[in-house]
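See structure below.
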Amino acid sequence: GEDVEQSLFLSVREGDSSVINCTYTDSSSTYLYWYKQEPGAGLQLLTYIFSNMDMKQDQRLTVLLNKKDKHLSLRIADTQTGDSAIYFCAERTGGGSYIPTFGRGTSLIVHP
Amino acid sequence: GAVVSQHPSRVICKSGTSVKIECRSLDFQATTMFWYRQFPKQSLMLMATSNEGSKATYEQGVEKDKFLINHASLTLSTLTVTSAHPEDSSFYICSARFGQEAFFGQGTRLTVV
């Protein structure tokens with residue numbers, strides 16, 4: 001299987017919460033990221049979490065990490081139509097490796 | 001935050017010609033930049049790591065003579081797709097290392113006709 005796995009699609013109604021899930025295989029992962037990609041654009045770093053953290057909250061975004069299960073999630077509260085995009089989960093180990101391994105991305109569709 | 005600018009955002013070229021894509025770090029110096037290729041509905045595929053002042057490190061399966069990378073300064077890396085063919089049509093994205101993070105350019109949509 002792939003090193004970083006995500007479901008490909010998620011559809012939610014505007015105002016609801018969105019939860020995007022990700023699993024990874026590398027137990028030595030030190031940094032875990034969530035990137036957002038809007039159509040035709042590059043990747044925007046949304047947030048990241050260190051492997052020694054369980055949770056990180058930043059405004060409408062909450063990241064949860066279950067290191068035992070190698071499971072990462074991104075919760076977007078009060079989802080808006082402007083949140084429609086592809087969300088990439090990524091991980092990398094520490095040290096000299098600055099190259100994250102990306103999942104295939106979850107396409108979030110927000111309905112009015 | 002760190003800003004990475006990539007140009008052009010979109011380019012159409014004829015088969016057999018070469019195309020240069022620029023990646024600039026605007027407010028920081030980047031000793032290391034990365035070039036990715038993204039296929040539709042696929043993740044990012046790392047093509048090469050560009051190191052300032054030295055040769056790029058290419059990932060397995062990436063033709064270094066076809067995808068020329070130059071990182072001549074601390075703020076600029078270029079990717080030249082030589083003798084482009086329709087199968088080279090793709091979305092190319094660069095990123096630059098800043099501290100512990102990598103920040104991405106806006107991407108370049110290359111269409112070879």
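Using R0 = 25 Å, the C-beta based FRET efficiency linking A:Glu5 and B:Arg10 works out to 0.20.
Only the Cβ atoms of Lys and Arg (+1) and of Asp and Glu (-1) were treated as charged; on that basis the dipole of chain B about its Cα centre amounts to roughly 240 debye. Note: chain B, Cα convex hull, 96 Å³ per residue. Once divided by 2.2 N^0.38 Å, the Cα radius of gyration of region A:6-112 becomes 1.03. Based on every Cα atom in the protein assembly as shown, Rg and the maximum pairwise Cα distance Dmax equal 17.7, 52 Å. Under the simplified labelling scheme, the B:Ser54-A:Lys56 pair shows an inter-label distance of 2.9 nm, with each label point 7 Å from Cα along Cα→Cβ. Pairs exceeding a 32 Å alpha-carbon distance, out of A:Lys67/B:Lys41; A:Lys56/B:Lys55; B:Lys20/B:Lys41; A:Lys70/B:Lys66; A:Lys36/B:Lys20: A:Lys56/B:Lys55; A:Lys70/B:Lys66. Phi angles of region B:88-102 translate, via the Karplus equation with coefficients 6.51, -1.76, 1.60 and θ = phi - 60°, into HN-Hα couplings of 7, 4, 5, 9, 10, 10, 10, 9, 10, 7, 9, x, 8, 10, 10 Hz per residue; Gly and Pro are given as x.
Rounded to whole Å, the principal axis extents of the Cα atoms in region A:2-52 read 36, 23, 22, largest first. Placing a pseudo-label 7 Å from each Cα along the Cα-to-Cβ vector at A:Lys68 and B:Gln29 gives an inter-label distance of 4.7 nm.
Just so you know, all these numbers are worked out from the coordinates, no wet-lab data involved. Note that the structure is a prediction, hence the values are computed from the model and not measured. Don't worry about glycine lacking a Cβ; one is built from the backbone with ideal geometry, like all the others, and counts go over all protein chains shown.
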